[in-house]
1. Residue by residue through region 65-84, note down the ones that are within 10 Å of the ligand (Cβ to nearest atom), out of contact with any Leu (no Cβ under 9 Å at 6 or more places or on another chain) and in a helix (DSSP H, G or I).
2. Checking the conditions here, which among 38, 8 is under 20 Å from the mean Cα position of the chain (by Cα) and closer than 25 Å to residue 83 by Cβ?
3. Could you count how many residues in region 3-43 are out of contact with any helix residue (DSSP H, G or I) (no Cβ under 7 Å at 6 or more places or on another chain) and over 27 Å from residue 79 (Cβ atoms)?
4. Evaluate the following for residue 332: is it of a type in the set (Ser, Thr, Tyr), in a helix (DSSP H, G or I) and within 16 Å of the ligand (Cβ to nearest atom)?
5. Can residue 323 be described as closer than 22 Å to residue 14 by Cβ and surrounded by 15 or more Cβ atoms within 10 Å (Cβ to Cβ)?
6. Looking only at region 90-99, how many residues end up being under 20 Å from residue 137 (Cβ atoms) and either more than 14 Å from the ligand (Cβ to nearest atom) or part of a helix (DSSP H, G or I) (or both)?
7. With respect to residue 100, is the statement that it is under 24 Å from residue 153 (Cα atoms) and touching a Pro at 6+ places or on another chain (Cβ under 6 Å) true?
Amino acid sequence: MTDIRLALTGFGNVGKGLAILLAENEETYRRAYGVRMLLTGVADRGGAITNPEGIDPAFLLRVKETTGTVAGYPGGVPGLAGTKFLEGARAQVLVEASSTNFEDAEPGWSYIRGAIDNGMDLVLASKGALVLHWADMMRSATARGVQVRFSATVGAPLPILEMAQRVLLGSTIEVIEGIVNATSNQILSSMSEGLSYEDGVRRAQEIGIAETDPTLDVDGWDAAAKAVIIANAILGADLRLSDVARTGIRGIVRRELEEARMSGAAIKSIARITNHEGVVRAEVRPDRRPLADPLGGLRNDEMGVVFHTDPLGVMTSTARSTAGGGIVTALTVLRDLFNLANDRGWGHVPA
Ligand SMILES: NC(=O)c1ccc[n+]([C@@H]2O[C@H](COP(=O)([O-])OP(=O)(O)OC[C@H]3O[C@@H](n4cnc5c(N)ncnc54)[C@H](OP(=O)(O)O)[C@@H]3O)[C@@H](O)[C@H]2O)c1
């Protein structure tokens with residue numbers, strides 16, 4: 001049995017989701033994968049708790065609930081952050097699940113650099129550093145022999161990176177298109193059933209998939225960021241957020257959606273990445289699709305990706321999740337952790 005010591009930054013939906021999964025399934029994971037995932041450091045805005053012997057995830061969840069910060073855990077330190085936090089955790093892997101920030105990628109970027117300096121592998125849920133510092137991060141990670149996993153950042157739980165990097169090897173990927181933002185798809189679905197844009201946003205908020213301020217989703221920023229990460233990771237591009245032509249869904253009126261529905265089609269917010277003779281381009285925009293199309297038929301908060309490849313043809317993956325977003329994303333983080341453990345030879349994933 002191998003212990004894998006994790007330093008977790010961010011204890012919101014995803015961080016807490018990870019703690020719930022570890023609290024509920026530790027024994028199952030041990031038996032199935034031959035590893036024990038041990039939280040040895042957890043940080044939020046209030047401070048941090050570090051303990052190389054392990055932190056009890058169930059108790060930490062109660063502490064966060066009652067005190068508002070993980071620093072309320074016995075031995076926790078208000079204000080503890082940065083290098084001192086990483087040193088205290090003595091972890092093998094940094095799980096970065098703090099808020100995404102497309103302006104300066106903080107606080108994630110500082111934690112990521114600190115982890116690379118310490119030779120820690122990275123499993124990322126936040127997108128800021130991937131979008132703003134892709135080349136720099138990958139160069140320094142490679143130089144230190146650090147592995148970087150980030151499947152949670154590109155439409156969790158869709159296996160977009162895994163399909164490209166494991167399944168489609170040997171084929172040329174010409175186009176990748178997807179519905180990678182569940183909130184926009186939910187709003188468009190509601191509007192096609194007759195709700196106004198405002199009511200569609202409200203319904204998405206009630207379901208728990210839209211933020212109070214849904215700007216990043218409805219204006220296409222989130223999908224554009226995912227397109228950048230997908231293009232850079234899969235097609236070897238060096239795109240920035242500003243390279244993605246981006247049109248959100250605010251301008252779509254209910255009548256257009258209803259008309260599309262009457263004629264057996266749907267308007268969807270599609271992220272599309274093309275690879276033409278090595279020139280990679282990305283865009284996010286509303287597009288009319290027949291309901292029989294693999295993306296046109298995706299309703300509510302369903303997501304999907306379609307790879308157009310040569311010579312294999314078309315490969316599709318879609319997801320309709322039954323758990324909440326935090327748990328689904330945390331499961332995708334765990335998937336990265338188990339695959340990392342397997343690739344590192346730390347445990348065993350059944351063949
Ligand atoms: N939710 C999803 O389904 C989903 C899916 C894919 C990717 N992601 C990404 O995963 C990350 C986490 O998402 P989430 O839904 O868990 O967000 P969230 O609920 O807003 O939680 C964000 C966490 O980051 C912490 N944080 C913010 N600034 C910090 C700082 N300076 N130092 C330490 N911690 C800090 C917050 O601390 P406090 O608790 O003290 O406020 C909070 O615990 C985000 O980057 C998001 O884009 C989320």
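1. 82
2. Of 38, 8, the one residue that is under 20 Å from the mean Cα position of the chain (by Cα) and closer than 25 Å to residue 83 by Cβ is 8.
3. Adding up the residues that qualify gives 11.
4. yes
5. no
6. The number of residues fulfilling the criteria is 3.
7. Against the criterion (under 24 Å from residue 153 (Cα atoms) and touching a Pro at 6+ places or on another chain (Cβ under 6 Å)), residue 100 does not qualify.
Conditions (1) away from the ligand (no atom under 14 Å from the Cβ); (2) more than 21 Å from residue 120 (Cα to Cα); (3) hydrophobic (A, V, I, L, M, F, W, C), marked per residue:
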| position | (1), (2), (3) |
| --- | --- |
| 20 | no, yes, yes |
| 23 | yes, yes, yes |
| 28 | yes, yes, no |
| 35 | yes, no, yes |
| 41 | no, no, no |
| 44 | no, no, no |
| 50 | no, no, no |
| 63 | no, yes, yes |
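The values are calculated or read from the model by the stated rules, or taken from the named source; none is laboratory data. Model, not experiment: these values are computed from the prediction. So basically every Cβ, Gly included, is an ideal-geometry build from the backbone, and we count neighbours across all protein chains shown.
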